[in-house]
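Please read the structure below before turning to the comments.
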Amino acid sequence: MDSQRSISASFAVTMLIVSLIAACNKGEQTAVKGPNSPNGAPHDTVSDIALSEDGLGQIQIGMNLDDAVGMGLLNENPTMNPRCDFVFPAVGAGIPDGVSVMIVQGKVARIDVDTGAVTTDDGAKIGDSEDRVKSIYGDDVQVEPHKYNPGWHYMTVMGDSASAGKAIVFETDGKRVTMFRAGRLPEVKWVEGCG
């Protein structure tokens, strides 16, 4: 009986020590969540909720708006144009301000970001230089002139997502990223939003 108590006590102490070690080492985990860039370029820490061609957190490209509203991810828009309109993340969904979601015929088509609190899953963000975006995405970046502002650019990243009909588009002022979006083609490349 005493040996059983001794084994149980030893096990409990061992589990406590393992739990404490795991808790202490938690801060040493790397923060980069996305895949390495094509040419191995280093990138900054990825935000807690990172945008990819497939979505942002639980908000996924192709998801039904009704499902996203039901899950508490997006707000309803009672005056919404059913053809195309934007909605915003619900309060409490854990999505920072500065994110809007394009809904086309009841489905999430793209996600727009104009806040520095969100990065791509490769660590690109608002304020990054065009050269940094090129160093992260390499040959997967296509640079096109901005429709309205001379010297500004659209930097489109297709990569492996091209076959899936998705992309990430960075808008720049010719030097730095001012906003970016991700989603399905052709909507992700629409310059005027739903216009």
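The values are calculated or read from the model by the stated rules, or taken from the named source; none is laboratory data. Note that the structure is a prediction, hence the values are computed from the model and not measured. Counting neighbours? That spans all protein chains shown, and the Cβs are built from the backbone with ideal geometry, glycine included. Ligands, DNA and RNA are excluded from the accessible area calculation, which covers all protein heavy atoms including side chains. Shrake-Rupley method; radii C 1.70, N 1.55, O 1.52, S 1.80 Å.
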For this session: Mind listing the long-range amide H neighbours of residue 179? Cut-off is under 5 Å, sequence gap 5 or more, other chains count too, H placed in the peptide plane at 1.01 Å from N.
Result: 171
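Among 110-123, 84-97, how do they line up by average Cβ neighbours within 10 Å per residue, starting with the highest?
110-123, 84-97
Give me the accessible area per residue for region 73-195, probe 1.4 Å, as a whole number in Å².
Details: 5680 Å² over 123 residues.
With the other protein chains kept in place, region 73-195 gives 46 Å² per residue.
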For this session: In whole Hz, with x marking every Gly and Pro, tabulate ³J(HN,Hα) for region 168-176 from phi via Karplus 6.51 cos²θ - 1.76 cosθ + 1.60, θ = phi - 60°.
Result: 10, 10, 9, 9, 10, 8, x, 10, 10
Exercise. Can you list the aspartates and glutamates whose alpha carbon is less than 20 Å from that of residue 147, not counting same-chain residues fewer than 8 positions off?
Worked result: 112, 114, 130, 171, 173, 187, 192
Seminar exercise, completed: Residues whose modelled amide H sits under 5 Å from the amide H of residue 75, counting only those 5 or more places away in sequence or on another chain, are 88, 90
Exercise. Using modelled amide H (1.01 Å from N, peptide plane; none on Pro or chain starts), what sits under 5 Å from the amide H of residue 51, excluding residues fewer than 5 places away?
Worked result: 119, 120, 121
Exercise. Residue by residue through region 121-134, which ³J(HN,Hα) values in whole Hz follow from phi under the Karplus form 6.51 cos²θ - 1.76 cosθ + 1.60 (θ = phi - 60°), with glycine and proline marked x?
Worked result: 6, 9, x, 6, 7, 4, x, 5, 6, 4, 4, 5, 4, 5
